[in-house]
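Remarks on the structure that follows.
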Amino acid sequence: MSALEQTRHLATAVPGPKSQELQARRSAAVAQGVSSTLPVFVTRAGGGIVEDVDGNRLIDFGSGIAVTSVGASAEAVVRRASAQLADFTHTCFMVTPYEGYVAVAEALAELTPGDHAKKTALFNSGAEAVENAVKIARAYTGRQAVVVFDHGYHGRTNLTMALTAKNMPYKHSFGPFAPEVYRAPLAYPYRWPTGADNCGPEAAEAAIDRISTQIGAENVAAIIIEPVLGEGGFIEPAKGFLPALREFASAHGIVFVADEIQSGFCRTGQWFACEDEGIVPDLITTAKGIAGGLPLAAVTGRAEIMDAAHPGGLGGTYGGNPVACAAALGAIETMKELDLNARAKRIEEVMKGRLTAMQEKFDIIGDVRGRGAMIAIELVTDRATKEPNPKATAALAKACHAEGLIVLTCGTYGNVLRFLPPLVIGEDLLNEGLDIIEEAFARI
């Protein structure tokens, strides 16, 4: 557990005077396109707490967007990364390799779904991983088209902006985008026109029909999907949707890519979210929770597909940095030792119980959903029409921030409050955070 005291404490208003001074400096020096959810400047973080320069200790329901699942200063991560820092910080794996990179690739081969032979390539960010998965799939199939889905998010590079569904803030004014990207309907249970029970098979039929008629299965290199959608609103595709897509991909020689960048590494109560319906992807992309806060990402998949790219075709100067690799091995060690899959399931039990009770009290809560420690509520103006309520969502987030609780918003319509607590958060802090959320609903 973190050495940082695991209690919420408000020494000043949030943000406090020192954070406000730093915010003025930031405004003068940092491009305005880089935004912040909550402008408090952090000095320490660990367990379920973030401490700022004014001495405020905030409860963390964000984990740096699902990154610090093991906490922001996990002992094994700090120990292994510090040891590696003392030895060397960089050689470039493409110039003179090192064992850490190989060890991470071996760990990913062990942990990811499927018992087939696997190989891995390491990168810096989730967007890089997705972009390289597309390169690998195109090299393997000799095809160009890539299929993605409504509400999906895959990154901020040019290609991954094309793959991403949401315009603002991710794509607006940044085009033109990469070609040969096609979007298909998603099985969004809460918003499916004929109801959640029909959603899985009907959405699968609609998606497969669109791929077959508008693109041609024989032209598709890859189908890319998040097994639980992140930025799009923590949407769990209706049961049967992912297996139908997986079967279709297999039947037509299409590389099936599970984008597990936000949902991976125990976040949903399993090592990877696609395991819930027994999906074995051809390629799986990972980042965020992989290295306890250090920048690292990976593409892991069937050895014959991963080997399709020619020597020198994959890589990058910093990809698989030795310090980040050491941190990843520390994060995986922590996940195993603390059984963070079980912790995630307990977080789900507590959060869904409390949030479902709130839904009965507050008509503004249209849907409670998610798995493990990846939980969300969708806010609406009217339950009958399900009209999105982004205004209330922003107000609730602001009210939580003022009380010392870090929460994030998301969703295509900006009307989803998402909760991503570190998997090591104490249950007392978890319940205190839920108390703050309930009090904010009562006020707003």
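Comparison of 329, 314, 283 shows that the only residue that is within 26 Å of residue 134 (Cβ to Cβ), within 21 Å of the chain's Cα centre (by Cα) and outside the structural domain of residue 44 (by TED's automatic domain parsing) is 283. Could you tell me whether the stretch 28-35 includes any residue that is modelled with pLDDT of 95 or more and in a helix (DSSP H, G or I)? Yes: the stretch 28-35 contains one or more residues that are modelled with pLDDT of 95 or more and in a helix (DSSP H, G or I). Considering only residues that are surrounded by fewer than 18 Cβ atoms within 10 Å (Cβ to Cβ) and charged (D, E, K, R), look in the stretch 355-371 and name the one that is farthest from residue 228 (Cα to Cα). So the residue we want is 361. In this structure, residue 8 does satisfy being outside the structural domain of residue 431 (by TED's automatic domain parsing), touching a residue at least 24 places away in the same chain (Cβ under 8 Å), under 23 Å from residue 397 (Cβ atoms) and touching an Asp or Glu at 6+ places or on another chain (Cβ under 8 Å).
All of 53, 70 fail the test of being over 27 Å from the mean Cα position of the chain (by Cα) and buried (at least 17 other Cβ atoms within 10 Å of the Cβ), apart from 53. Across the stretch 163-187, the number of residues qualifying as part of a loop (DSSP other than H, G, I, E, B) and either of a type outside the set (A, V, I, L, M, F, W, C) or within 17 Å of residue 210 (Cα to Cα) (or both) comes to 16. Among residues of the stretch 271-295 being assigned to a loop (DSSP other than H, G, I, E, B) and in contact with a strand residue (DSSP E or B) (Cβ under 8 Å, 6 or more places away or on another chain), the one that is farthest from residue 105 (Cα to Cα) is 279. Applying the criterion of being of a type outside the set (A, V, I, L, M) and surrounded by 15 or more Cβ atoms within 10 Å (Cβ to Cβ) to the residues of the stretch 24-39, the residue that is nearest to residue 409 (Cα to Cα) is 39. Here residue 188 fulfils each of the conditions (1) farther than 22 Å from residue 243 by Cα; (2) among the aromatic types (Phe, Trp, Tyr); (3) touching a residue at least 40 places away in the same chain (Cβ under 8 Å) apart from (1). Taking the stretch 344-444 as the region of interest, the strands (runs of 3 or more DSSP E) fully inside it that hold 1 or more residues being more than 18 Å from the chain's Cα centre (by Cα), farther than 16 Å from residue 37 by Cβ and in contact (Cβ under 8 Å) with a residue 40 or more places away in the chain are 365-371.
The values are calculated or read from the model by the stated rules, or taken from the named source; none is laboratory data. Predicted model only: the values in this text are computed from it and were never measured. All Cβ positions, even for glycine, are placed from backbone atoms using ideal geometry, and neighbour counts span all protein chains on display.
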